[in-house]
């Protein structure tokens, strides 16, 4: 073997053992013997260490009394509300049900608005309405810059959900998660067992998922697999007030993807940032199951999804959007 070929073989060997690459703007991806680990880049790690909310936590300040975010993080929050307002308008105009979900629901219950260190918005929606939502939203949106689209969760990820976006502010977004009618009612133990089965099923689809280059085809693939492999068996015993289950479009880390019908429905108004939106019937039951004691501080406090990603030009658009709608004061 020539020296050149030997060097290439050695390089390939070590590359398969260890590789370090950019994952996105803020993180690097390290692969070690097939194990993938994401780490914050050093410059963003330094910014994270300056996070003021750990001081509140360490001083045992009542989490409900923490003041709202300020500065650029607050601007991003307020600008994202413009996207939520448009979603609320289109859904009500077209009788499409939705509800505040995840961290947004937690913020509404605990802070009457955004969790102070959060900046995105999470929405739940029945899968039967999710299918048509992007088309309906783009037809009825009052602002040509605000649109709905299928989006990957992260670059090179196998997560695909609908997001509300802004053409001039690419780091603003509202995540919309589909909830499927499971067809029958499971107890908590059965729900956790079935969640493990769904996660295992999704893992088996990994190669097929990663092979798709067209988002629309991948979206239809997710729906077909969900309905034919997860829902079909349950629908043979379809009943009223059946459980709802998250779709495999998004790889949730939570150990239970099921929600009891009565936890979500009937939908009820909820106040978020001083305005009435749509919430779940029993937010406490949902938040307690997902987060445990949600009135306590989390282990990790990460300041927003977009704070360190927006350049000054985008921040200028975000600032104008916040001022225009919510009279943001610097």
Checklist entry - On the given criteria, is residue 149 surrounded by fewer than 20 Cβ atoms within 10 Å (Cβ to Cβ) and without any contact (Cβ under 8 Å) to a residue 60 or more places away in the chain? => result yes
Checklist entry - Which residues, taken from region 35-51, are at pLDDT 70 or above and either part of a helix (DSSP H, G or I) or exposed (fewer than 14 other Cβ atoms within 10 Å of the Cβ) (or both)? => result 35, 36, 37, 38
Checklist entry - Would a scan of region 80-95 turn up a residue that is farther than 16 Å from residue 317 by Cβ and assigned to a loop (DSSP other than H, G, I, E, B)? => result yes
Next on the checklist: Just to be sure I understand, how many residues within region 241-264 are farther than 17 Å from residue 128 by Cβ, touching a residue at least 24 places away in the same chain (Cβ under 8 Å), in a loop (DSSP other than H, G, I, E, B) and in contact with a strand residue (DSSP E or B) (Cβ under 6 Å, 6 or more places away or on another chain)?
Outcome noted: 2
Checklist entry - Given 185, 176, 230, which one is buried (at least 20 other Cβ atoms within 10 Å of the Cβ) and either at pLDDT 95 or above or assigned to a loop (DSSP other than H, G, I, E, B) (or both)? => result 176
Checklist outcome for this item: Filtering region 286-304 for residues that are farther than 14 Å from residue 124 by Cβ, outside any loop (DSSP other than H, G, I, E, B) and either at pLDDT 95 or above or touching a helix residue (DSSP H, G or I) at 6+ places or on another chain (Cβ under 6 Å) (or both) leaves a count of 1
Checklist entry - What's the number of the condition residue 5 fails, among (1) at pLDDT 70 or above; (2) surrounded by fewer than 11 Cβ atoms within 10 Å (Cβ to Cβ)? => result (1)
Checklist entry - Out of curiosity, is residue 244 modelled with pLDDT of 95 or more and farther than 30 Å from residue 55 by Cβ? => result yes
Checklist entry - Among the residues of region 269-281, is any touching a residue at least 60 places away in the same chain (Cβ under 8 Å), in contact with a helix residue (DSSP H, G or I) (Cβ under 9 Å, 6 or more places away or on another chain) and assigned to a helix (DSSP H, G or I)? => result no
Next on the checklist: Can you go through 114, 212 and tell me which one is crowded, with 16+ Cβ neighbours inside 10 Å, out of contact with any strand residue (DSSP E or B) (no Cβ under 6 Å at 6 or more places or on another chain) and free of Cβ contacts under 8 Å to residues at least 12 places away in the same chain?
Outcome noted: 212
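The values are calculated or read from the model by the stated rules, or taken from the named source; none is laboratory data. On a predicted model such as this, the values are computed, not experimentally measured, just so you know. We place every Cβ from the backbone using ideal geometry, glycine too, and count neighbours over all the protein chains shown.
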